[in-house]
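Here the structure is laid out as structure tokens; the discussion comes afterwards.
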Amino acid sequence: MTTIHNYINGTLVPPAAGNYLDNYNPAIGAVYSLIPDSDHIDVQNAVVAASAAFAEWSSMPLDKRSAVLMKIADLIDRDLSALALAESIDQGKPVKLATVVDIPRASANIRFFATGIQHFSSEAHITGNEAVNYTTRSPIGVAGCISPWNLPLYLFTWKIAPALAAGCTVVAKPSELTPMTAYLFSKLCIEAGLPKGVLNIVHGLGPKVGQAIVEHPQIPAISFTGGTVTGKRIAATAAPMFKKLSLELGGKNPNIVFADCDWEKMLSTSIQSSFSNQGEICLCGSRIFVERSVYDRFVTEFVAKTTLLTVGDPLDDKTKIGPLNSEPHMNKVLSYIELAKQEGGTIMCGGKRVTVEGRCANGYFVEPTVITGLSPDCRTNQEEIFGPVVTITPFDTEEEVLAFANSTHYGLSATLWTENLTRTHRMAAALKSGIVWVNCWLFRDLRTPFGGMKQSGVGREGGWEALKFFTEAKNICIKL
Ligand code: NDP
């Protein structure tokens, strides 16, 4: 059984207190590795190492800093298969998905920011004939980066890459539920020659390790991806300490289908946006709204396609739906299906735990589930379920579907299916979401702002903005 270590000051070390937590393989429902149950002492050691490394890393010539990061990205690509396998075992996602999406996107994150810093420039403003103002941006110091379990290495690198590229040193905590790829990543950092202390990875529980990072007075910036409840707690701790905060939080995203859409494209993409990664993607479109004239056709064809999705061993290439990430999470998803029934919903397909034959007999599998007949304002349609569960609701007018779509506390993403150009612009402007995908889903250009409105987060960063987040701006005004 693998024992995972923390990565502090350039070396792999056990937790100071010597305690470990069980790490489960969700496909088989059994412990397969041990993870450090770290605490504030490990975080303190990491902060000391990161503080000591800051002067050298932040002043390193940009081409050298970029080269070290590019080397790490190259090593991720070299180890793609091993990392994809590890991520599948740790998280439950089909290994195929990890191979074509998660791991390639992890190295792309690093490459994007490693090359970006070589082209980054700050601003100068000439104020009439009276003054020249110029802006300097210096790395803010030791950054705290906390990531969730659904896209482990992809979101871990999305947090740390801009911080490291900007010249910050980092204390990071991956989710305790999916630590394995961050552990393998720490070995790649050592191999790539990342100077000691530049990146420190402390494994363990959110309320212990995460909270100690957020509370630490020598960490002036926190970049967090996770649930809205945790985000609120982090904001409550960090705001009175005047920390910079980037919060990428939950979603309850609408997928809006108009009758004039490209039907086949819409149908196959909607299956993906509903059930990819078992619905455990913050950007999944879990509330589907369909124009009434095509509602019955949509329900029939969507349910037929859903029932064809293979639920099974994530290591099998035929599998489309793997296990949910943990037993408590599976129980939460099943409890929402029960709630949907109590709220008057009709289960059109799925709705139950699945027992997969063979080695996965004790895994946490749930059938992809489609529910109709619910009101847009019921709890099932308002709260994030984060599993393979979607609702379908008919609508009559643009105004009506906008009201439905915008009715939750969330505002992460929305998907719109229509071939009508003027409607596209009207709807895209009126949807209260940080991202609106028109006739596509999950398409990402890393230069664009990313993140949510309302309770889906603050600090919508992409491209330069993500780099800027990890810097402190200063204006220097010279009177002519
Ligand atoms: P959580 O909020 O439970 O956890 C996220 C991370 O925060 C984990 O590393 C967790 O540690 C840690 N944490 C927990 N409590 C604290 C605390 N008090 N202080 C500091 N850190 C803490 O989210 P999940 O891991 O369950 O991830 C799923 C959520 O993430 C969903 O709501 C999803 O929508 C959202 N998400 C948002 C994305 C976005 O870009 N907007 C992208 C992906 C996911 P531990 O695991 O040990 O509890």
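At a glance:
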| read-out | value |
| --- | --- |
| TYR183 within 16 Å of the ligand (Cβ to nearest atom), open to solvent by 10 Å² or more (accessible area, probe 1.4 Å) and either touching a residue at least 12 places away in the same chain (Cβ under 8 Å) or within 18 Å of ASP90 (Cβ to Cβ) (or both) | yes |
| Members of the stretch 341-359 found to be under 19 Å from HIS329 (Cα atoms) and open to solvent by less than 60 Å² (accessible area, probe 1.4 Å), listed by number | GLY350, GLY351, VAL354, VAL356 |
| The stretch 263-289 residues that are away from the ligand (no atom under 16 Å from the Cβ), paired with ones that are aliphatic (A, V, I, L, M) and modelled with pLDDT under 95 (beta carbon under 6 Å, 6 or more apart) | none |
| Number of the condition not met by ARG447 [criteria: (1) in contact with a Lys or Arg (Cβ under 9 Å, 6 or more places away or on another chain); (2) surrounded by fewer than 20 Cβ atoms within 10 Å (Cβ to Cβ); (3) under 26 Å from TRP158 (Cβ atoms)] | (1) |
| Flag for LEU12 being surrounded by fewer than 18 Cβ atoms within 10 Å (Cβ to Cβ), in the same structural domain as TRP149 (by TED's automatic domain parsing) and over 18 Å from VAL142 (Cα atoms) | yes |
| Of residues in the stretch 227-262 being under 20 Å from LYS468 (Cβ atoms) and in contact with a helix residue (DSSP H, G or I) (Cβ under 9 Å, 6 or more places away or on another chain), the one farthest from the ligand (Cβ to nearest atom) | LYS244 |
| Selected residue (only one of GLY452, GLY463 is more than 14 Å from the ligand (Cβ to nearest atom), within 17 Å of the chain's Cα centre (by Cα) and either farther than 30 Å from LEU164 by Cβ or touching a residue at least 24 places away in the same chain (Cβ under 8 Å) (or both)) | GLY463 |
| Candidate set: the stretch 367-388, residues that are touching an Asp or Glu at 6+ places or on another chain (Cβ under 8 Å) and more than 20 Å from CYS282 (Cβ to Cβ); chosen: the one farthest from the ligand (Cβ to nearest atom) | SER375 |
| All positions within the stretch 417-435 that are away from the ligand (no atom under 14 Å from the Cβ), out of contact with any Leu (no Cβ under 6 Å at 6 or more places or on another chain) and not charged (D, E, K, R) | TRP417, THR418, ASN420, LEU421, THR422, THR424, HIS425, ALA428, ALA429, LEU431 |
| The stretch 11-35 residues that are more than 25 Å from CYS360 (Cα to Cα) and hydrophobic (A, V, I, L, M, F, W, C), paired with ones that are modelled with pLDDT of 95 or more and surrounded by fewer than 18 Cβ atoms within 10 Å (Cβ to Cβ) (beta carbon under 6 Å, 6 or more apart) | ALA16/ILE41 |
| Among the residues listed as THR380, THR391, THR415, THR408, the single one being under 18 Å from SER274 (Cβ atoms), without any contact (Cβ under 8 Å) to a residue 60 or more places away in the chain, among the hydroxyl-bearing types (Ser, Thr, Tyr) and crowded, with 19+ Cβ neighbours inside 10 Å | THR380 |
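For (1) open to solvent by 40 Å² or more (accessible area, probe 1.4 Å); (2) within 16 Å of the ligand (Cβ to nearest atom); (3) among the aromatic types (Phe, Trp, Tyr), each residue gets a yes or a no:
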position	(1), (2), (3)
SER122	yes, no, no
THR127	yes, no, no
ALA131	no, no, no
THR135	no, no, no
TYR154	no, yes, yes
LEU164	no, no, no
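The values are calculated or read from the model by the stated rules, or taken from the named source; none is laboratory data. Quick caveat, the model's predicted, so the values are computed rather than measured. Every residue, glycine as well, gets a Cβ built from its backbone with ideal geometry; the counts of neighbours run over all protein chains shown. Side chains are part of the model used for accessible areas, which takes the heavy atoms of the whole protein and leaves out ligands, DNA and RNA. Shrake-Rupley method; radii C 1.70, N 1.55, O 1.52, S 1.80 Å.
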